[in-house]
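A quick write-up on the structure given underneath.
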Amino acid sequence: METFYNSIIPNTFGIEARCRRLFLFASEDELTDILKSLNPSEPLLVIGAGSNLLPTGDYDGSILKSTIKGMEVQTDGDDVFVRCGSGWEWDAVVSLCVDNGFHGSENLSLIPGDVGASAVQNIGAYGVEAKDIICRVEAIEVATGRKYVFSNADCQYAYRYSRFKADWRGRFVITYVTYRLSRTFLPKLDYGNIRSALAAKGFIHPTAKELRETIIAIRRAKLPDPKVLGNGGSFFMNPIVSRSLFESLAARYPAIPHYDVDADRVKIPAAWLIEQCGWKGRSLGRAGVYERQPLVLVNLGGATGQEVLELCRQIQRDVKERFGIEIHPEVNMI
């Protein structure tokens with residue numbers, strides 16, 4: 001266990017904001033000891049790597065961050081169950097799984113953040129979501145120190161949603177996540193430009209490693225390195241609208257991209273909406289919209305959280321005014 005006072009809040013936006021105390025815990029026992037020492041009336045926040053976090057000012061409370069590592073593997077026929085500590089870097093887990101022939105996470109390559117965040121956020125990319133492979137989530141209750149083990153169904157996963165973001169927010173701290181993978185490689189290639197990117201590399205029948213390599217190349221081509229240009233990855237969620245609203249928009253914009261969710265709902269890429277409003281590559285003060293990917297808001301140098309927040313709100317207003325659609329941040333703001 002490590003404790004830092006008046007510490008910088010970890011975040012990939014490169015924004016300088018501080019918290020009263022930052023606790024790092026490397027085991028469930030360390031976590032329960034920390035929880036016993038806290039003042040129940042003091043604000044408490046649990047974070048991962050800070051890759052999906054926008055500090056809008058200093059945080060007058062304590063922050064908990066897992067550094068729990070460790071990986072256990074169990075097999076049952078074709079199924080492979082991989083139990084990971086919540087402090088593992090997510091992409092490191094994907095890399096290890098691909099290298100060992102444990103399949104199902106390839107499309108989630110290079111998503112920033114930790115294992116714990118994958119279960120909170122239900123991370124997703126290129127037609128795959130964490131909920132597709134999460135089997136169990138282990139967590140400690142903040143108020144009691146009691147350990148819980150939740151099934152996938154318990155978490156009520158949906159698009160970028162889990163109960164950890166809703167009624168369980170602030171109630172639990174995730175310590176381990178178990179993923180159900182497979183020894184059989186069944187690639188999912190029909191989302192976005194995966195097939196064309198594979199073909200460009202000459203991968204007609206890709207292996208898992210070739211698919212991972214291609215996903216990484218796609219992401220690197222359109223997403224900035226936060227070490228170079230501060231950002232939190234995709235800032236907005238793709239809105240899901242009624243089919244009637246989509247059809248009215250399609251009559252005005254025949255080329256509007258979309259993905260059918262079900263008979264009554266359609267998902268529209270937020271990046272397209274933002275670009276149509278003229279925001280791609282534009283800035284507002286020291287915060288801007290990345291020139292290659294309108295979903296990404298960036299710190300152009302010295303931006304405050306409030307400046308990024310104002311940019312976010314202006315984009316939301318413009319999209320609402322033009323399309324009648326509300327887009328919501330994927331990034332957590334504190």
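The values are calculated or read from the model by the stated rules, or taken from the named source; none is laboratory data. Source: prediction; values computed, not measured. Backbone-built Cβ (ideal geometry, glycine too); neighbour counts: all protein chains shown. Note: areas computed on protein heavy atoms with side chains; ligands, DNA, RNA excluded. Shrake-Rupley method; radii C 1.70, N 1.55, O 1.52, S 1.80 Å.
Miscellaneous remarks
- Residues GLU42 and LYS147, FRET efficiency given R0 of 22 Å [Cβ-Cβ distance, rounded to 0.05]: 0.45
- For segment 179-333, the calculated P(r) over all alpha carbon pairs, in 10 Å bins from 0 to the bin holding the longest distance, is 10, 32, 31, 22, 5, 0 percent.
- All Cα-Cα separations within the chain were binned at 10 Å from zero, giving a P(r) of 5, 24, 32, 27, 11, 1, each value a whole percent of the pairs.
- Approximate spin-label separation GLU310-TYR253, in nm, with each point projected 7 Å along Cα-to-Cβ: 2.7
- Label sites at ALA200 and ASP29, each approximated as a point 7 angstrom past Cα along Cα to Cβ, lie 5.2 nm apart.
- Accessible area of ARG83 in the full protein assembly, 1.4 Å probe (Å², nearest 10): 50
- Euclidean distance between Cα centres, segment 46-68 to segment 229-245, Å: 22
- Across the protein chains, with a 1.4 Å probe defining accessible surface, the residues THR178, THR184 rank THR184, THR178 from largest area downward.
- Electrostatic dipole magnitude of segment 102-215 [Cβ: Lys, Arg +1; Asp, Glu -1; Cα centre; debye, to 20]: 120
- The chain - percent relative contact order, Cα under 8 Å, separation 6 or more: 17
- Using θ = phi - 60° in the Karplus curve 6.51 cos²θ - 1.76 cosθ + 1.60, the 3J(HN,Hα) couplings for segment 201-217 round to 8, x, 9, 7, 10, x, 7, 4, 5, 5, 5, 4, 4, 5, 4, 4, 5 Hz; x is entered for Gly and Pro.
- Projected label distance in nm at GLU275 and ASN193, using a 7 Å step from Cα toward the beta-carbon: 0.9
- ³J(HN,Hα), Karplus 6.51/-1.76/1.60, whole Hz, each residue of segment 41-54, x for Gly, Pro: 8, 8, x, 9, 9, 10, 10, x, 7, x, 7, 10, 10, 10
- The phi-based Karplus calculation (6.51 cos²θ - 1.76 cosθ + 1.60; θ = phi - 60°) puts the 3J(HN,Hα) values of segment 253-261 at 10, x, 8, 4, x, 6, 9, 5, 8 Hz, whole numbers, x for Gly and Pro.
- Placing +1 on the Cβ of every Lys and Arg and -1 on the Cβ of every Asp and Glu, with nothing else charged, gives the chain a dipole about its Cα centre of roughly 660 debye.
- Note on ASP318: accessible area approximately 40 square angstrom, rounded to 10, probe 1.4 Å, nucleic acids and ligands left out.
- Entries in LYS65/LYS188; LYS131/LYS227; LYS36/LYS131; LYS69/LYS147 that, when Cα-Cα distance is taken, lie over 22 Å: LYS65/LYS188; LYS131/LYS227; LYS36/LYS131
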